[in-house]
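Here is the structure we will look at.
The values are calculated or read from the model by the stated rules, or taken from the named source; none is laboratory data. Just so it is clear, the model here is predicted, and its values are computed rather than measured. Cβ coordinates were reconstructed from backbone atoms using ideal geometry, including for glycine residues, and neighbour counts include every protein chain displayed.
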Amino acid sequence: MSETIMTEVQTEKPKAKVRFAKTTKVNTTRTLPRLIEKNGTCNIESRTIRGKNIRFISDIFTTLLETQWRMFLSLFALSVVFSWVIFATVYYLIAYSNNDFVESIVEEERYYCVENAPDFISMILFSMETQTTIGYGTRYVTDNCPAAVFLVTVQSILGALLQALLTGIVIAKVQKPKKRGNTILFSKNVCICQDGGERYLYIRIGDLQKSDMIDTHARVVCVKDKITSDGEYISHFRHDLDVYSELYSSRISLKWPIVLQHKITPSSPFWALDEGEVKSGDFELLVFLQGVIESTGMSFQARTSYLPHEILWQHKFKPMSTVVTLSGMFEFDYKQFNETINFPTSTPSTPRKFVRAKYIRSSSPGDYSVGGESGIADMDDVMSTTSSSDSSDLSSASVKYGKVSLNMYGS
């Protein structure tokens, strides 16, 4: 009886395959795999496609643009040397058919196709001199060999085309705006916080370049698996998040660091999720920043991603302080770019007090003004300098903060 039961158990087939989530897979880095790395590199590769290499070769210009510099420079050198060797081989065959290498012929009765080229190495030197238009003069084609003259013409034309193609690819690779994204800063973390009865998601973005970008806008996508109402499983479903700047506009300006915000509504994938569900979630936030470079007019895209462990619950970004130099320049302290403020969930959200810096131009060296992000600083930063009587009427108080006069008011 027991043997019959064991046989039935061994021969029983599973009814359905088990689909493992990404969190149950073995990962040596102890984090979820990223679709897009923090530096913007896409961690996606297309496989098992028939004719993939042929499609890349048909678009050879774009393929060479996307290759790495070390690979492209190697192909550049090999293509030039290969063309020299090919034409040198044809020159050698033409000279061989003309008996240029036969020593038994009397010098007065013979003529050469290529003068002063007695071997194959000399033909390679002549091919290089012809294609690069160096022309040292010791080796040259005579008019007694029409085939060699025709080959010189063909090599000059094809050599010019090859040089123009390779030079154009080099210039295009140098002018690629991909490196422009290196000066775009994304905050280390994403913040989710309750504000005025609504919940928001915050991302800070900054630009280190002085030149502003044109028509800049951001896009945030949440990638996660989805099961439809019909029970259909969709892998890596993309939820577009509506993000705005402080002025609730999709167009942004990065003259100074800004905070993008997303209002969590019932249509948002973060709706009805608590802190534990967000931290243990299986999703990835992809952030795309697109714009046109003002100096070159070329469009570019900067990318980054965030995983669930990079989301701070009940946090907001701390306003960045600014410094006005003697020349009138506004300097932002990027050491505070990733700093956040914790708002405990147990304490009710109360209106926070802010101070606006009144910038004063001083003639004495070393005087400067300090303020907050967009000219606003947190009240907690200057409250220690005020007395209890001064803080009783914030709408009309005026406090000396170092060399700066700060007019404080309630929000």
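Structural remarks
- Taken together, ILE60, ILE94 contain a single residue that is closer than 20 Å to LEU166 by Cβ and either among the hydrophobic types (A, V, I, L, M, F, W, C) or loosely packed, with under 13 Cβ neighbours inside 10 Å (or both), which is ILE60.
- Helices (runs of 4 or more DSSP H) (entirely within region 40-100) containing at least 2 residues that are closer than 26 Å to VAL114 by Cα and either over 26 Å from the mean Cα position of the chain (by Cα) or without any contact (Cβ under 8 Å) to a residue 12 or more places away in the chain (or both): 69-97
- Screening the candidates SER46, SER74 for the property of being exposed (fewer than 11 other Cβ atoms within 10 Å of the Cβ), modelled with pLDDT of 50 or more and not basic (Lys, Arg) yields one hit, SER46.
- When PRO266, PRO257 are checked against the criterion of being farther than 16 Å from VAL223 by Cβ and exposed (fewer than 13 other Cβ atoms within 10 Å of the Cβ), a single residue qualifies: PRO266.
- Per the listing ILE205, ILE171, ILE227, the residue uniquely crowded, with 19+ Cβ neighbours inside 10 Å and either at pLDDT below 90 or in the same structural domain as MET298 (by TED's automatic domain parsing) (or both) is ILE205.
- Region 276-297 - residue that is acidic (Asp, Glu) and touching a residue at least 60 places away in the same chain (Cβ under 8 Å) and, of those, surrounded by the most Cβ atoms within 10 Å (Cβ to Cβ): GLU284
- Search result, residues across region 123-147 that are modelled with pLDDT of 90 or more and small (Gly, Ala, Ser): SER127, ALA147
- Members of region 279-315 that are aliphatic (A, V, I, L, M) and part of a strand (DSSP E or B): LEU285, LEU286, VAL287, LEU289, VAL292, ALA302, ILE311, LEU312
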